[in-house]
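Here's the structure, in structure tokens; my notes come after.
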Amino acid sequence: MLPSQRHLFDIPDDVTYLNCAYMSPLMRPVIEAGHTGLVRKAHPWEITPDKFFSGSEEFRTTATRLLDCTADCVAIVPAASYGIATAALNLPIQKGQSILVLAEQFPANYYPWQRMADDCGASIKVVVWPDDNDWTSAVLNALTNDVAIAALPHVQWTSGGRLDLVRIGAACRKIGAALVLDLTQSLGALPFSVREVQPDFAVAACYKWLMGPYSTGFLYVAPKWHEGRPLEEGWIQRANARDFTSLILYSKNYDAGARRFDMGERSNFALLPAANRALLQLLEWGVAEISDTVGTLNRKLAESAAELGFTAPSEELRAPHYLALRRKAGIPQGLPEALARQRVHVSVRGSSVRVTPHLYNSDADAERLISCLRQFENT
Ligand SMILES: Cc1ncc(COP(=O)(O)O)c(C=O)c1O
């Protein structure tokens, strides 16, 4: 169990922030790294051409430690949507085949597939919300031969349901389906390994559980897709980009591995050092330790919330860091606003109250939420 890390954050004592799934607060050292990065441009003459590459390579290398892959397999992207669009541009599909998604899947991992299906005469196949909350079995049952692409998360974002991606990855390989993952609601808080799951593409935006700034993210691309087509035909992704004097000797060759899929201006001097600092802090804590610590808090919260009639998927079926509380009577109108007036912050997604703590939260925060829910009930 990790001790409280609240001292690293600028969270006033009377604020109970239980909404990391919306966006994490930035840590003080992350803000410092971002500030240092931003002021570098006050002296552009010090940003020499080699610096266009070093910062982004550092970020890419740190990302490999969360993904469990090599730097050649990581592209730098501004959003989960960008990564999913890259996957959709490259994966083949034929008329009559289908693309598998979950019920209530986050739209960034839905719209590109809907477009692809419309364009190719394929269809979207939706895994319906399983009555027993067992998303893994529901996905495994839906992985029939018609599925060309399974576009999935590690954690279903409105239920907190966890998917066993190792089993799902193996099932995809068996039927020859590609596996595309949106890890935005899990990477950094739930252990994951590319080596174990073997996805084709896996993306994560950094501003939630990776604790970085907005507009940063990374995309894992399996080696078999490294010859693919990037969304942008930029200059910085080319093999000759490091030689600024010869950029107009246009090259058809791209930089190594997944770097061809990097976004334009990927050498973001302000944001990447901040994102990198956040990743390093997570790695220092350890993802498994974060998951255990936050999971323990959520376990207590789930038990207390049960007394108020809220249910959540059982511990075996949900992600420890991600508690989605539902109630037969539904979620009362105005609940998040009423809580926010008391400086308790959660969100409602679908028909769940989503409670997503991190290392800045304590038992006292859990008790405050429960007490506010009880008060709301009695008004
Ligand atoms: C599961 C999931 N994926 C992705 C995103 C964000 O997508 P993007 O980075 O394209 O804005 C969110 C934001 O809430 C999310 O919950």
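See the values below:
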{"quantity": "Partnerless cysteines, meaning none of the other Cys C-beta atoms lie under 4.7 Å away, in the chain", "calculated": "Cys20, Cys120, Cys172, Cys206, Cys372"}
{"quantity": "With Cα atoms, 0 to 90° folded angle of helix 363-377 axis to the chain main axis", "calculated": "60 degrees"}
{"quantity": "Relative contact order computed over segment 80-176 (Cα-Cα under 8 Å; 6+ residues apart), in percent", "calculated": "31 percent"}
{"quantity": "Accessible carbon and sulfur surface of the chain relative to its total accessible area, %, 1.4 Å", "calculated": "53 percent"}
{"quantity": "Assigned charges on the beta-carbon of Lys, Arg, Asp, Glu; segment 112-168 dipole about Cα centre (debye)", "calculated": "160 debye"}
{"quantity": "HN-Hα J in Hz across segment 180-194 - Karplus 6.51, -1.76, 1.60, θ = phi - 60°, x for Gly and Pro", "calculated": "10, 10, 9, 9, 4, 9, 9, 5, x, 10, 9, x, 8, 9, 4"}
{"quantity": "Under the Karplus curve 6.51 cos²θ - 1.76 cosθ + 1.60, θ = phi - 60°, whole-Hz ³J(HN,Hα) for segment 337-344, x wherever Gly or Pro sits", "calculated": "5, 5, 5, 4, 4, 9, 6, 10"}
{"quantity": "Relative contact order, percent, segment 271-375 [alpha-carbon distance under 8 Å, six or more residues apart]", "calculated": "27 percent"}
{"quantity": "Efficiency of FRET from Cβ geometry, Asn145 and Tyr214, R₀ 41 Å, rounded to 0.05", "calculated": "0.55"}
{"quantity": "Degrees between helix 80-90 axis and first principal axis of the chain (Cα, 0 to 90, nearest 10)", "calculated": "50 degrees"}
{"quantity": "Value of relative contact order over the chain, rounded to a whole percent, pairs C-alpha under 8 Å and six or more apart", "calculated": "25 percent"}
{"quantity": "Residue-normalised accessible area of segment 197-283, given per residue in Å² at a 1.4 Å probe", "calculated": "42 Å²"}
{"quantity": "Whole-Å distance, taken between Cα centres, linking segment 293-313 and segment 39-110", "calculated": "34 Å"}
{"quantity": "Ranked order, His43, His35 - accessible area, probe 1.4 Å, largest first", "calculated": "His35, His43"}
{"quantity": "Antiparallel DSSP beta bridges within the chain, percent to nearest 5", "calculated": "50 percent"}
{"quantity": "Between segment 234-262 and segment 163-228, the alpha-carbon center distance in angstrom", "calculated": "26 Å"}
{"quantity": "Tilt relative to the chain, helix 271-285 - C-alpha long axis, 0 to 90 degrees, to 10", "calculated": "50 degrees"}
{"quantity": "Placed amide H near Tyr254: partners under 5 Å, 5+ positions off or other chain", "calculated": "Ala239"}
{"quantity": "Computed magnitude of the charge dipole of segment 190-345 (debye, nearest 20; Cβ of K, R +1, Cβ of D, E -1)", "calculated": "300 debye"}
{"quantity": "Amide H contacts of Ala122 (H built 1.01 Å from N, under 5 Å, at least 5 apart or other chain)", "calculated": "Gly96"}
{"quantity": "³J(HN,Hα), Karplus 6.51/-1.76/1.60, whole Hz, each residue of segment 313-323, x for Gly, Pro", "calculated": "x, 5, 4, 5, 9, 10, 6, x, 7, 10, 9"}
{"quantity": "At R0 = 45 Å, FRET efficiency that the Cβ-Cβ distance of Ala338 and Ile47 yields, to 0.05", "calculated": "0.40"}
{"quantity": "Cut-off under 5 Å, modelled amide H: who pairs with Ile149 long-range", "calculated": "Ser98, Leu100, Ala178"}
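The values are calculated or read from the model by the stated rules, or taken from the named source; none is laboratory data. Since we're looking at a predicted model, the values are computed, not measured. Heads up, the Cβs are rebuilt from the backbone with ideal geometry, glycines too, and the neighbour counts pull from every protein chain shown. The area values use the complete protein model at the heavy-atom level, side chains included, leaving out ligands, DNA and RNA. Shrake-Rupley method; radii C 1.70, N 1.55, O 1.52, S 1.80 Å.
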